[in-house]
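S.K.: Can you keep this structure in mind? I'll have questions shortly.
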There are 2 protein chains.
Amino acid sequence: MADSTVHHTWDVIVIGAGPVGENAADRVRKAGLTVAVVEKHLVGGECSFYACSPSKALLRPILATRASERVQGSEGARVDPAGVLARRDAWISGLSDEGAVGWLEHVGIDLLRGTGRLVGERRVEVDGRLFEARHAVIVCTGTSPLVPDLPGLREARPWTNREATTSRRVPDRLAILGGGAVACELAVVYAALGSMVTVIEQEEQLLGRSEAFAAEAVAESLRRQGVDVRLGAEATAVSRLGPTGEVTVELGGGGRISADELLVAVGRVPNTADLGLETVGAKTDDRGYLQVSEQMEVEGATGDRPWLYAVGDVNGIVLLTHMGKYQARACGDLVGARATDRPEDPRSMTPWALDLGAPQVVYTDPEVASAGLTEQQARERGIRVRVVDIPMDKAAGSGLQAEGYQGQARIVVDEDAGTLVGATFVGQDVAELVQPATVAITGRVPLATLWHAVPVFPAMSEIWLRLLEEYGL
Amino acid sequence: MADSTVHHTWDVIVIGAGPVGENAADRVRKAGLTVAVVEKHLVGGECSFYACSPSKALLRPILATRASERVQGSEGARVDPAGVLARRDAWISGLSDEGAVGWLEHVGIDLLRGTGRLVGERRVEVDGRLFEARHAVIVCTGTSPLVPDLPGLREARPWTNREATTSRRVPDRLAILGGGAVACELAVVYAALGSMVTVIEQEEQLLGRSEAFAAEAVAESLRRQGVDVRLGAEATAVSRLGPTGEVTVELGGGGRISADELLVAVGRVPNTADLGLETVGAKTDDRGYLQVSEQMEVEGATGDRPWLYAVGDVNGIVLLTHMGKYQARACGDLVGARATDRPEDPRSMTPWALDLGAPQVVYTDPEVASAGLTEQQARERGIRVRVVDIPMDKAAGSGLQAEGYQGQARIVVDEDAGTLVGATFVGQDVAELVQPATVAITGRVPLATLWHAVPVFPAMSEIWLRLLEEYGL
């Protein structure tokens, strides 16, 4: 049991020092407040060490090699697996967070190593020591991989994203449970590094929340990359032969898949189990995500005025690093304004982009880049929708980018408002094509105005012109 | 002398079948009018055969190879000069315009091969045959390379963009007169194909209209690619030893440069010299560009109502394919509305993006992508400007794209309006980063709204977040 002496008081304590916690702390600090972050593992968090950064570090040499292979006049490119892994190691600094810790010191954010736990209003215990926040505690503890209750699964010691993004070994055979972004990206990586990869997805399409045409393009292309993609396939049991032997996944309706490693990538669970939420009345939903107001204030928290906030994956609104950082900027500014009795910026009061549908890129081959709502999501919101679909090679820039370029573009238009509400691009090097959609959707720029936003010839961005032409402008 | 029989009458005659003429004709046709295009050389025009398309076709394998070389884990890529030239040949279809002609036939645009010349109101003579337009004639004759009056230059039979983009031979030494986009892009191409390249630019910076920091990055990088970049160097005379011998450029203040070929890329002249402009009173400026109203109506043209329009390079407003096509869409729609007594769409009445500063990409290594106004242009317009400059590697996506990524980003903000008026990006693979700027500038999206347009992590587009953070949002 901790003693009841408060060891130190800051204006704000942030629990969790991933990108979201770092951003929240940084905005608070910029408002002139003192702030500490509590981190039990690595400063920089899941994204920097076990997710976006290492997976993109792994994917980029693979995609750059293919881009070179696909252009006549560029010859001889090949993937060097040892180089790919070394690059990844450099990006995760061999799992050292020295760089991120140095940044905290440099900007003046204190670091508390250990497990943070709420023990009452504005009070946080870190490994037995008690600390206090004058104004606010911001919870940014994120999520962990969901390992479902499947007979034998835990005993089979499956990989999660953590092992798959940090492994120095390439298994001969890799089975992947799940078909979302993590599963698909890592399927591309391990297939390119030489594994025989099988993807086991229980739904009938990959990338559940994406447009179906995008998911189909990724499935088809994974198959061309030698990946065995099983859709509508339910894993019913898992077993492993001895400590390091073959792992076998039994499928419903018969059949089994044997592999050397099994990666589980079927979802996430919020890191709220041991946060002391009950000591302050904080509410979670049935999956354990913290319930928050539009201002990221945790519902149910004790006290006369808001002091407990939850930002990023842990509130379950949208599980994407950039959207978590966006929430963190808004929340950090709001906490700063409230603590210093400055007016609350409308911007920080309502991070309204959360309601527009998050932009996202899946760095598969082809890439899938989307923003706003899918057609189905827009229809479900009761929007009178018109959809425009065209092949990417309608823009000369695509064909110049790669021989035989294949891809597809879709925009979803709100016919009553005359504005864009969604866009999806599938193809090589489409990752950077989506930001204009994000700007247009967020800025509610009328299509008639977008007509004047002339894309450069012969950039791939000219697909925007083709989409508007096809729409009839 | 032509006989005075009108051989055929269309609703509209378009003189010049480059991309601009094609687009103008296509919009007119879509309005339900009959239309013919007159072309004396190749349907598809300068851009398709001698400019943007072949130069990008040449550049892409070079840039893709370097992109591969710059990522650890991708090995062995090299430029194959024969492959690069073969790719270019495929893109220009061996200088056959069969494909473009097929498209004209397919959509129902008639083609008149020959030299078009105005011979009175709505009358066009093509190689001695007389044709008439019921409603309008649209001049889209573009420009030709400027070969300046330099002693000995013409006699030295220099290359222009036409020879440089179509040559099957790589000269051992190539001297380039001029330092604009064409000069810089072709310097990259020929240096990569094995030429010793010298760029002779009379100004103190390359890429005259670009931000100085961008021009400096390109100069520095050309030098690293082995190009001898001479700034502030005035060519005073040129001579060639015999029909195929060495060509020598004399420089003011002494010095000379010898090469096997000399490329002249110092500017353009409008193709208006033999258009019969005097027969209809059409006005040109002192450089020969057709003078037009905001609706692209040629100033001074005879007649009670507008019938003569000039669109694209030939009106001198902005010499970029995509901006010419934009004018063509507006003008074609306007002509269509006027001819069919439909209301004139405000969009086609005022292509106002022409006033915002054109987006442009220079496909050098690094690329330069810009939209709107440079800092200097904004100040010259009396805008109260704030400029934000950051290195591209502030976005993690840049470092993931290439090891040791180098580049720079600038936004130019109108402090009174709270909106973006310009943006420039320099670096590898920045070509597609500029369209969000074009949308924001065109849509006059407030910076406070752009704050909600969350870029995807870890895309290079996250540079937008870094720019807004640096601005203070």
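The values are calculated or read from the model by the stated rules, or taken from the named source; none is laboratory data. What you see is a predicted model; the values in this text were computed from it and never measured. For neighbour counting, all protein chains shown are included, and Cβ atoms are generated from backbone atoms with ideal geometry for every residue, glycine included.
S.K.: Residues A:141, A:165: which one is among the polar types (S, T, N, Q), in contact with a helix residue (DSSP H, G or I) (Cβ under 6 Å, 6 or more places away or on another chain) and within 14 Å of chain B (Cβ to nearest Cβ)?
M.R.: A:165
S.K.: From the residues in segment B:89-134 that are closer than 17 Å to residue B:48 by Cβ and of a type in the set (S, T, N, Q), which one is surrounded by the fewest Cβ atoms within 10 Å (Cβ to Cβ)?
M.R.: Top of the filtered list is B:96.
S.K.: Give segment B:425-473 a look and list any residue that's more than 9 Å from chain A (Cβ to nearest Cβ), out of contact with any strand residue (DSSP E or B) (no Cβ under 8 Å at 6 or more places or on another chain) and within 24 Å of residue A:48 (Cβ to Cβ), or say none.
M.R.: B:468
S.K.: So residue B:274 passes all but one of these: (1) part of a loop (DSSP other than H, G, I, E, B); (2) without any contact (Cβ under 8 Å) to a residue 40 or more places away in the chain; (3) among the acidic types (Asp, Glu). Which condition number does it fail?
M.R.: Residue B:274 satisfies every listed condition except (2).
S.K.: If you scan segment A:182-194, which residues turn out to be of a type outside the set (Val, Ile, Thr) and in contact with a helix residue (DSSP H, G or I) (Cβ under 9 Å, 6 or more places away or on another chain)? Please lay out each step first, then the result.
M.R.: Taking segment A:182-194 as the starting set, the residues that turn out to be of a type outside the set (Val, Ile, Thr) are A:183-187, A:190-194.
Hits for segment A:182-194 are A:184, A:185, A:186, A:187, A:190, A:191, A:192, A:193, A:194.
S.K.: Please determine whether any residue of segment A:280-287 is closer than 20 Å to residue A:144 by Cα and β-branched (Val, Ile, Thr).
M.R.: Yes: one or more hits.
S.K.: Name the single residue that is surrounded by the fewest Cβ atoms within 10 Å (Cβ to Cβ) among those in segment A:263-298 being in contact with a helix residue (DSSP H, G or I) (Cβ under 6 Å, 6 or more places away or on another chain) and over 22 Å from residue A:349 (Cβ atoms).
M.R.: This residue is A:270.
S.K.: Give me the residue from segment B:418-464 that is hydrophobic (A, V, I, L, M, F, W, C) and surrounded by fewer than 23 Cβ atoms within 10 Å (Cβ to Cβ) and, out of that set, farthest from residue B:323 (Cα to Cα).
M.R.: B:448
S.K.: State all residues of segment B:191-209 that are buried (at least 24 other Cβ atoms within 10 Å of the Cβ) and within 20 Å of the chain's Cα centre (by Cα); if no residue qualifies, say none.
M.R.: Within segment B:191-209, B:199, B:201, B:206, B:207 qualify.
S.K.: Do we find that residue A:386 is in a strand (DSSP E or B), out of contact with any Pro (no Cβ under 6 Å at 6 or more places or on another chain), surrounded by fewer than 18 Cβ atoms within 10 Å (Cβ to Cβ) and more than 8 Å from chain B (Cβ to nearest Cβ) in this structure?
M.R.: yes
S.K.: Let me ask another. Is it true that some residue in segment A:403-420 is part of a strand (DSSP E or B), more than 22 Å from residue B:429 (Cα to Cα) and among the polar types (S, T, N, Q)?
M.R.: Yes: segment A:403-420 contains one or more residues that are part of a strand (DSSP E or B), more than 22 Å from residue B:429 (Cα to Cα) and among the polar types (S, T, N, Q).
S.K.: Ok, one more. Consider residue B:344 carefully, then state whether it is in a helix (DSSP H, G or I) and free of Cβ contacts under 8 Å to residues at least 12 places away in the same chain.
M.R.: Taking the combined requirement at face value, the residue does not satisfy it.
S.K.: On to the next question. Condition first: in contact (Cβ under 8 Å) with a residue 12 or more places away in the chain and surrounded by fewer than 24 Cβ atoms within 10 Å (Cβ to Cβ). Now tell me which residues in segment A:28-42 satisfy that.
M.R.: The answer is A:29, A:30, A:31, A:32, A:33, A:34, A:40, A:42.
S.K.: Out of curiosity, is residue B:18 within 14 Å of residue B:109 (Cα to Cα) and either at pLDDT 95 or above or buried (at least 24 other Cβ atoms within 10 Å of the Cβ) (or both)?
M.R.: So residue B:18 fits the description; yes.
S.K.: Taking interchain pairs and intrachain pairs at least six residues apart, which have beta carbon atoms under 7 angstrom, with the first residue in segment B:199-222 and outside the structural domain of residue B:377 (by TED's automatic domain parsing) and the second part of a helix (DSSP H, G or I) and surrounded by fewer than 16 Cβ atoms within 10 Å (Cβ to Cβ)?
M.R.: B:205/B:212
S.K.: Of all residues in segment B:356-370, which are within 9 Å of chain A (Cβ to nearest Cβ) and closer than 12 Å to residue B:211 by Cβ?
M.R.: B:360, B:369, listed by residue number.
S.K.: Of A:378, A:353, A:328, which residue is within 23 Å of residue A:436 (Cβ to Cβ), more than 9 Å from every other protein chain (Cβ to nearest Cβ) and in a helix (DSSP H, G or I)?
M.R.: Among A:378, A:353, A:328, only A:378 is within 23 Å of residue A:436 (Cβ to Cβ), more than 9 Å from every other protein chain (Cβ to nearest Cβ) and in a helix (DSSP H, G or I).
S.K.: Now for a different question. Quick check, is residue A:21 assigned to a helix (DSSP H, G or I) and of a type outside the set (D, E, K, R)?
M.R.: It is true that residue A:21 is assigned to a helix (DSSP H, G or I) and of a type outside the set (D, E, K, R).
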